[in-house]
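Each remark here refers to the structure printed beneath this line.
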Amino acid sequence: MQQHTPEHKAFLRQRVPAAYALVKPAVDSLAAWLADPAHQAEARNSAESRKRLIGLDDPEHSTPQEQLQETARRCCDALMLDRDNAAAHFMLARAITELARYDEDVYHPAALREAIPFAERARELAPKVGKAWRAIIEIQIRLGRFEMATDLLRELQRLAIAPGTHATLMALLCERQNLLEDACGWYEKAVSFAAHNARRAELYTLQALDFALLGRKSDADRAFMLALLEGGPQAWIAHNWSVLKNDMGNSWAAVELNRRALMWDPALEPAQEFRDYLQNAFKDLKRAWPAAQVLQEEQLRGIALPGCDNEVIARLNLQPWSPPRRGERARATRTFRTGLEET
């Protein structure tokens, strides 16, 4: 995770992220339109408004910027057709939140504040839907308003409507307060509620990063393995696991995981830089750069992890990787029907 000095963070916050700047005029125009009393009594087209959101996934931390921008634009269109479309309010708030991000730790506070009215309105329109609560609570955490976020989380827990959302946000709150042990515990709880493999992989990875910061390398090692097992070919997981393996003194595993990360995303700069670092280390030790090899975890389990070379799988008679079956639940609908939203 990239570290910034307070001065660098202050510098970044002086300018709106370029990704958000492209959709900010549409957001500003929508905000002005919603605030204009002259439009309050205009006819609404709820059916057409919902159609604008068909095919869109909920904005997440890993969603590409172009997709976030498309989501923001279509949510603005949807809200011009029906100002009470709760899903559009939620998705717009989440899209703005992610577009306001420079990296893991630095968010543009002005952009986050612009997302608050949409997040609040989503919660007003859908008070029994965990996603709507998530939007506003995450913004408050990102803004450092920990007491306000704690109060909202306490209320969400009292409602008992989204235990997975509550656990994930508690982990984030603990992280931002540097309570990493508590954050790891909350991530473990959140995983038990996650219905989809991709979500479980993300949670395991976040937990692994916290374990690594705590110096609990063996716990981080296990969490990274579970993340890759659940998530499939994910370059950022393989890269972070590669760095950890090297810190643990296992340079051979570090090289293999670096190979897989760059196989999945050849343009991943951190992985490129780490490959150069590893190659220089091997040259200094006068070691040959290794070909594709098996990981210890694959040998012990007899099952390949994603990215294992086909020749290695055949030679060692490993069972090929396939996504774990967890009985994925019904996807959340854009109408926020109670009982179908993800926990």
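What are the residues in the stretch 46-72 that are farther than 30 Å from Y102 by Cβ, surrounded by 15 or more Cβ atoms within 10 Å (Cβ to Cβ) and not basic (K, R), if any? Passing the criteria: only S49.
Can you tell me which residues in the stretch 270-287 are without any contact (Cβ under 8 Å) to a residue 12 or more places away in the chain, assigned to a helix (DSSP H, G or I) and over 21 Å from P306 (Cβ atoms)?
Applying the first criterion (without any contact (Cβ under 8 Å) to a residue 12 or more places away in the chain) to the stretch 270-287 yields 272-273, 276-277, 279-280, 283-287.
Narrowing the set further to residues that are assigned to a helix (DSSP H, G or I) leaves 272-273, 276-277, 279-280, 283-284.
Listed by number, the residues that qualify are E273, D276, Y277, Q279, N280, K283, D284.
Selection of the stretch 288-327 for residues being surrounded by 14 or more Cβ atoms within 10 Å (Cβ to Cβ), among the aliphatic types (A, V, I, L, M), without any contact (Cβ under 8 Å) to a residue 40 or more places away in the chain and not in a helix (DSSP H, G or I) yields A292, V294, I303, A304, L318. Restricting attention to the stretch 314-335 and to residues that are among the small types (G, A, S) and more than 19 Å from L300 (Cβ to Cβ), the residue that is modelled with the highest pLDDT turns out to be G327. The single condition among (1) surrounded by 14 or more Cβ atoms within 10 Å (Cβ to Cβ); (2) at pLDDT below 90; (3) over 30 Å from R83 (Cβ atoms) that E342 does not meet is (3).
Name the residue, out of G232, G215, G249, that is free of Cβ contacts under 8 Å to residues at least 12 places away in the same chain and under 27 Å from V312 (Cβ atoms).
Values: G232 fails: free of Cβ contacts under 8 Å to residues at least 12 places away in the same chain; G215 fails: under 27 Å from V312 (Cβ atoms).
After ruling out the rest, the residue left standing is G249.
Using the structure shown, decide if C174 is in contact with a Leu (Cβ under 8 Å, 6 or more places away or on another chain), modelled with pLDDT of 95 or more and farther than 22 Å from M225 by Cα. So that I can check it myself, show each step before the final result.
On the way: in contact with a Leu (Cβ under 8 Å, 6 or more places away or on another chain): yes; modelled with pLDDT of 95 or more: yes; farther than 22 Å from M225 by Cα: yes.
The answer is yes for C174.
Give the residue, chosen from R113, R101, that is assigned by TED's automatic domain parsing to the domain that holds G55 and either under 21 Å from E175 (Cβ atoms) or among the hydroxyl-bearing types (S, T, Y) (or both). When all the criteria are applied, what remains is R101. Filtering the stretch 87-120 to residues that are β-branched (V, I, T) and farther than 25 Å from G55 by Cβ leaves V106, I116.
Just to be sure before I move on: is A72 under 26 Å from N45 (Cα atoms), of a type in the set (G, A, S), modelled with pLDDT of 95 or more and under 16 Å from the mean Cα position of the chain (by Cα) in the structure I sent? It would help to see each step written out before you state the result.
Working: under 26 Å from N45 (Cα atoms): yes; of a type in the set (G, A, S): yes; modelled with pLDDT of 95 or more: yes; under 16 Å from the mean Cα position of the chain (by Cα): no.
So A72 does not fit the description; no.
None of E273, E269, E298 is outside the structural domain of P64 (by TED's automatic domain parsing), over 25 Å from the mean Cα position of the chain (by Cα) and farther than 30 Å from A126 by Cβ except E298.
Out of A194, A208, A267, A198, one residue alone is modelled with pLDDT of 95 or more and among the hydrophobic types (A, V, I, L, M, F, W, C). It is A208.
Among residues of the stretch 26-54 that are under 18 Å from P117 (Cβ atoms) and modelled with pLDDT of 95 or more, those with a beta-carbon under 6 Å from a residue that is among the basic types (K, R) and in a helix (DSSP H, G or I) at least six positions away or on a different chain give the pairs A26/R73.
Note on the stretch 86-107: residues that are in contact with a strand residue (DSSP E or B) (Cβ under 8 Å, 6 or more places away or on another chain) and crowded, with 22+ Cβ neighbours inside 10 Å total 3.
The values are calculated or read from the model by the stated rules, or taken from the named source; none is laboratory data. Source: prediction; values computed, not measured. Methodologically, a virtual Cβ is constructed for each residue, glycine included, from the backbone with ideal geometry; neighbour enumeration extends over all protein chains shown.
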